[in-house]
1. Quick check: anything in the stretch 72-85 within 29 Å of residue 324 (Cβ to Cβ) and within 16 Å of the ligand (Cβ to nearest atom)?
2. So which residues in the stretch 125-166 are within 16 Å of the ligand (Cβ to nearest atom), in contact with an Asp or Glu (Cβ under 8 Å, 6 or more places away or on another chain) and closer than 30 Å to residue 32 by Cβ, if there are any at all?
3. May I ask you to list the residues in the stretch 217-231 that are within 15 Å of the ligand (Cβ to nearest atom) and either over 21 Å from residue 406 (Cβ atoms) or without any contact (Cβ under 8 Å) to a residue 24 or more places away in the chain (or both)?
4. Suppose we filter 253, 185, 178 for residues that are within 13 Å of the ligand (Cβ to nearest atom) and either over 30 Å from residue 50 (Cβ atoms) or modelled with pLDDT of 95 or more (or both); which single one remains?
5. Among (1) of a type outside the set (Val, Ile, Thr); (2) within 14 Å of the ligand (Cβ to nearest atom); (3) touching a residue at least 40 places away in the same chain (Cβ under 8 Å), there is one condition residue 236 misses while meeting the rest; what is its number?
6. For residues in the stretch 183-198 being assigned to a loop (DSSP other than H, G, I, E, B) and within 26 Å of residue 257 (Cβ to Cβ), which is nearest to the chain's Cα centre (by Cα)?
7. Test residue 43 against the criterion of being surrounded by 14 or more Cβ atoms within 10 Å (Cβ to Cβ), basic (Lys, Arg), touching a helix residue (DSSP H, G or I) at 6+ places or on another chain (Cβ under 9 Å) and under 15 Å from residue 113 (Cβ atoms), and give yes or no.
8. Looking at the stretch 112-133, I want the residues that are over 30 Å from residue 54 (Cα atoms) and have a partner that is within 10 Å of the ligand (Cβ to nearest atom) and of a type in the set (D, E, K, R) with Cβ atoms under 7 Å, at least 6 apart or on another chain. Which pairs are those?
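The values are calculated or read from the model by the stated rules, or taken from the named source; none is laboratory data. Values in this document were obtained by computation on a predicted structure and should not be read as measured data. Here Cβ is always computed from backbone atoms with ideal geometry, including for glycine, and neighbour counts include all displayed protein chains.
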Amino acid sequence: MNATHDPKLKSWVKSANDPACDFPIQNLPFGIFRRKSGKERPRGGVAIGDQILDLAAVGLNTGPTLNVLAAAGRPAWKALRTLLSDVLSNPKHRKQISKHLVPMKQAELFLPVAIGDYSDFFTGIYHAQNAGRLFRPDNPLLPNYHWVPIGYHGRASSIVVSGTPVIRPSGQTRGQASAPDAAPSFGASKRLDFELELGFVIGPGNALGKPVPISKAHDQIFGALLFNDWSARDIQGWEYQPLGPFLGKSFASTVSPWIVTMEALEPFRCAAFPRSGDQPAPLPYLFDKSDQKSGNFDIQLEAHLRTRKLPRAHCLARSNFRHAYWTPAQIVTHQASNGCNMRPGDLLGSGTISGPTPDALGSMLELTQGGKNPVALPNGETRAFLEDGDEVILRGRCAREGYAWIGFGEAAGRVKPAWLR
Ligand code: MN
């Protein structure tokens, strides 16, 4: 850690010093923005309090994505963070720099990177147990879970930024046993769900054929954002064997607009998930002493629900990224271990991160035990799965005694009715 993490550091942008703010000067997350209803081109900015500083203020013209910045690598990210921390804290820069501030309220935010490839993992062990139990009550975790970070390749084309509506997918679902022929049918999903996840944005990437050693994996991660991997459980349940998730997942995923850098997350490192005596140590290619000691991150994750009749968001789940069984470095190393190349801006999803308690379940599937026990909302409504007009809002924050509190903003999406019914 360095001077940019000093909790005493204040910005001359006053709103950044409000303890309730997600974006104090110790955070400095990157995004792509432009003024609403303007003809401006989308460009890179850094969030500070309730403002966005155009990166052009420090001579950086990113263009409409942050892929080039992601590709630049850790020394460049570090130098930029040091520079931004200085110009936004030292009052002598105020006059020159404040011309480049845009109030967040007046800004439109875009996908921060062009995502070439996206994979989703299954690192939330409580989610894996809860989901597994619904299918295999006696044997919720398959034996490979403890050895290999389970994942699948997703679609990058349908990843959208927070605020983009999510259209209920239609698809083929299993026939009802009660129906005369019990044949599958095609129609709007009746079991639409969310997944509370974190996504990791890849930095420089690796050459085809060249794996990423675990000791170098952290340098491959530019930063993290909130990730809602919307899921249609009825489509997924019928299609997923034997090749895994497909159209039940690929209709949309929502990301938060701000990439919180791994450097900003340094104070919130914690030990890898503690393995019990009957769980094997990771194989050597996934084992690194310092990764085991401090390769995981203490990040509070929340999922909230707003409905047409309940405008005040209701908290469905409070979890923590600590419940990931595999560290971010381990999933990066595993992804590249066969020689598959990752490119700047690629996205790796953590998988749903649920906690061990009933208030920490990161999907409706778990909150309602597969739809059997609907959630009661404060206004008397109930939900087994998501209905049209429902809005899911993910939030994330890091807090630790002796350090500034930093936040992720939000990843929100409202469900719109299906095209095909
Ligand atoms: Mn997922």
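1. No, there is no match, as no residue in the stretch 72-85 is within 29 Å of residue 324 (Cβ to Cβ) and within 16 Å of the ligand (Cβ to nearest atom).
2. Those that are within 16 Å of the ligand (Cβ to nearest atom), in contact with an Asp or Glu (Cβ under 8 Å, 6 or more places away or on another chain) and closer than 30 Å to residue 32 by Cβ: 151, 152, 153, 154, 156.
3. Residues satisfying the conditions are 229, 230, 231.
4. Details: 185 fails: within 13 Å of the ligand (Cβ to nearest atom); 178 fails: within 13 Å of the ligand (Cβ to nearest atom).
Exactly one residue qualifies, and that residue is 253.
5. Single failed check for residue 236: (3).
6. Kept after step one, since they are assigned to a loop (DSSP other than H, G, I, E, B), are these residues of the stretch 183-198: 183-184, 189-191, 194-195.
From the residues that got through so far, the ones that are within 26 Å of residue 257 (Cβ to Cβ) too are 194-195.
Numbers: 194: 12, 195: 10 Å.
Looking at the filtered set, the residue picked out is 195.
7. yes
8. Sorted first by the residue in the stretch 112-133, then by its partner, the pairs are 120/229.
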